[in-house]
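*Asks:* This is the structure I want to talk about, given as structure tokens.
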Amino acid sequence: MRNSSFLLLLLSFSLSTGLRAQNNAGILAAQNDRSQQDSIGAILTLPQAVTIAIKNNLVVAQSDLNSQNYKIGFDQSWEYMLPTLSANGGQQINFGRTINSSNNNQYVSSQFSTGNAGLSGGLLLFHGLELQNNYQAQRYAYNASKMDLQQQKDNITLSVLLAYLQVLSSRDQLALAYEQARTDSVTLDLTAKKGKEGALNPVSNLTDLQGKYASDQVNIAGAINTLESNKVALFALLNVPYRRDVEYQNSITATDINDYQASSDSIYQHALGILPSIRSSQLKVQEYQRLLAYYRGAYYPTISLNAGVSTNWTNAPGATSFVQTGAPTYVPNTDGFYSDPNGNNIIYSQKVPGYDVYPKFGDQFKNNRSEYVGLSVNIPILNGFQARNNVRQAKLNLKNYELQYTYNKNYWQQQVELAFQNMIAAYKSLKFYQQEATAFEESFRVTNIRFNEGVIASDAYIVAKGNSDQAEVNLAAAKYIYIFRTKVLDYYQGKLTIP
């Protein structure tokens, strides 16, 4: 049997295309309780396996978080273009000797309180289109992160597809091993019965068949181990506890085995526009083109519009208003002259009855209000050559991503060609194995008749039986190899379907 050959072929292709299996069972062992949400019934289908694997995969989850971070950066980039608005206010109590701004800025020695409030806003009118270019750069970065997330989902999808096909193939080969052992058991019983009835069969015929049947049991044991190992590997990709009793649905029908109708050039042209890895590289080039324009904006002046309103209030001495309650009186006074209502200077002092009151808070809030609006221009002259060096660094980053984009295109063109050649080889092998199985089946049919008639010895029978058995195993493996090759090419064209 060639179980190991089948596995090596598929695994080598998977590695060559960079579609590595994401085995995270050990890393996420502490999260096994999530498996309760992964409802695997008695039968595990391929679409269900893909869904569970994507949900539980660590790399996919990390890529999703990374994409969410880029979404925040993208949202912030356009929010930078909104006007700024801020409010301020304060209240303080003054002790001791302080300057009273409400009384001609004179020094006073008393305790009083003051307060203020204000509202200000601004709008950046122009700065070399920095905000606009940053918005475009962050949009490209966010879209690239979504492509990276999709690439990880595609990787795990193909890895699960490969693992699932390995389970189906090993299950088919186990069924063949059981059938081959059953056929050999029938022949062994028939030969033993003939010997008891006195037929002239060499003793070696019986022992050869006994050895062949024992070899069948070894093949069965190996096939069981291969099947269980492949099932464990599949559950490791799903990142759920292994269940031995689960059955697997074979949705691969005979209609899936046909000649692939596409050329490698047409497949690659489709891949250029849809492969997440290539689209991500292209978007990152566009991102850094915009970032280069963003850093160049630092060479230009900054023009801003600003406006605000503020007010204040206090209960400090000198801030009061006098309320007169009666007519003034005059008394002699030697301190100075006072003009009476008729304009005569007399040595009298005036006394006015009344009292001091502080203006109401609402009145102060309204009467002390002031507004402003202004336009400011900041012209960069010398800032340690930061703007120039940032532009130089941005050019290098852009060149780096341009090189990565070119490399990515060449890499995937080579992978498409390799995948297409592997598909052709798998298809040819499948056709040859079909011919081989048909030929050896007919050869064994004739040999079996001659052996039962006693014309040939057991060694010829065993050789013919072994050739027929191996041809069936080869054909079963070749079918799944070819299916996987075609699914990979479907993926490159954006039409991968999970049956």
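*Asks:* Could you check region 418-465 and list, in sequence order, the residues that are among the acidic types (Asp, Glu) and under 15 Å from residue 478 (Cβ atoms)?
*Replies:* 436
For (1) more than 20 Å from residue 473 (Cβ to Cβ); (2) at pLDDT 95 or above, each residue gets a yes or a no:
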{"position": "185", "(1), (2)": "no, no"}
{"position": "193", "(1), (2)": "yes, no"}
{"position": "229", "(1), (2)": "no, yes"}
{"position": "232", "(1), (2)": "yes, yes"}
{"position": "250", "(1), (2)": "no, no"}
{"position": "265", "(1), (2)": "yes, no"}
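*Asks:* Does at least one position in region 461-482 carry a residue that is in a helix (DSSP H, G or I), touching a helix residue (DSSP H, G or I) at 6+ places or on another chain (Cβ under 6 Å), closer than 30 Å to residue 269 by Cα and of a type outside the set (Phe, Trp, Tyr)?
*Replies:* Yes: one or more hits.
*Asks:* For the list (1) under 30 Å from residue 496 (Cα atoms); (2) touching a residue at least 60 places away in the same chain (Cβ under 8 Å), I need the number of the one condition that residue 190 fails.
*Replies:* (1)
*Asks:* Please list, ordered by first then second residue, the pairs with beta carbon atoms under 6 Å, 6 or more apart or interchain, first in region 371-399 and closer than 12 Å to residue 298 by Cβ, second assigned to a helix (DSSP H, G or I).
*Replies:* That search, which allows pairs on different chains as well, returns 387/298; 387/299; 390/295; 391/295; 391/296; 394/291; 394/292; 394/295.
*Asks:* While we're here: Go through (1) in contact with a Leu (Cβ under 8 Å, 6 or more places away or on another chain); (2) among the small types (Gly, Ala, Ser); (3) within 30 Å of residue 270 (Cβ to Cβ) and name the single condition residue 454 misses.
*Replies:* Going through (1) in contact with a Leu (Cβ under 8 Å, 6 or more places away or on another chain); (2) among the small types (Gly, Ala, Ser); (3) within 30 Å of residue 270 (Cβ to Cβ) one by one, residue 454 breaks only (3).
*Asks:* Of the conditions (1) closer than 30 Å to residue 39 by Cβ; (2) among the polar types (S, T, N, Q); (3) surrounded by 15 or more Cβ atoms within 10 Å (Cβ to Cβ), residue 304 fails just one. Which one is it?
*Replies:* (1)
*Asks:* Keeping to region 230-249, report how many residues are of a type outside the set (Val, Ile, Thr) and either exposed (fewer than 15 other Cβ atoms within 10 Å of the Cβ) or touching an Asp or Glu at 6+ places or on another chain (Cβ under 6 Å) (or both).
*Replies:* 6
*Asks:* If a residue has to be modelled with pLDDT under 55 and over 16 Å from residue 243 (Cα atoms) to count, how many in region 30-59 make the cut?
*Replies:* The number of residues fulfilling the criteria is 2.
*Asks:* Which condition breaks for residue 128 when tested against (1) touching a Pro at 6+ places or on another chain (Cβ under 9 Å); (2) under 30 Å from residue 376 (Cα atoms); (3) at pLDDT 90 or above?
*Replies:* (3)
Yes/no per residue for (1) over 43 Å from the mean Cα position of the chain (by Cα); (2) farther than 30 Å from residue 285 by Cβ:
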| position | (1), (2) |
| --- | --- |
| 410 | no, no |
| 413 | no, no |
| 416 | no, no |
| 426 | no, yes |
| 431 | no, yes |
| 435 | yes, yes |
| 441 | yes, yes |
| 445 | yes, yes |
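*Asks:* Sticking with this one: Under the condition of being more than 30 Å from residue 258 (Cβ to Cβ) and among the hydroxyl-bearing types (Ser, Thr, Tyr), which residue from region 428-459 is surrounded by the fewest Cβ atoms within 10 Å (Cβ to Cβ)?
*Replies:* 447
*Asks:* Can you tell me which residues in region 65-86 are of a type outside the set (Gly, Ala, Ser) and in a helix (DSSP H, G or I)?
*Replies:* Across region 65-86, the qualifying residues are 65, 66, 68, 69, 70, 71, 72, 74, 75, 76, 78, 79.
*Asks:* Counting only residues that are surrounded by 15 or more Cβ atoms within 10 Å (Cβ to Cβ) and charged (D, E, K, R), which one in region 398-415 is nearest to residue 278 (Cα to Cα)?
*Replies:* If we take residues in region 398-415 being surrounded by 15 or more Cβ atoms within 10 Å (Cβ to Cβ) and charged (D, E, K, R), then 409 is nearest to residue 278 (Cα to Cα).
The values are calculated or read from the model by the stated rules, or taken from the named source; none is laboratory data. Note that this is a predicted model, so its numbers are computed, not measured. Neighbour counts run over all protein chains shown; Cβ positions are idealised from the backbone, glycine included.
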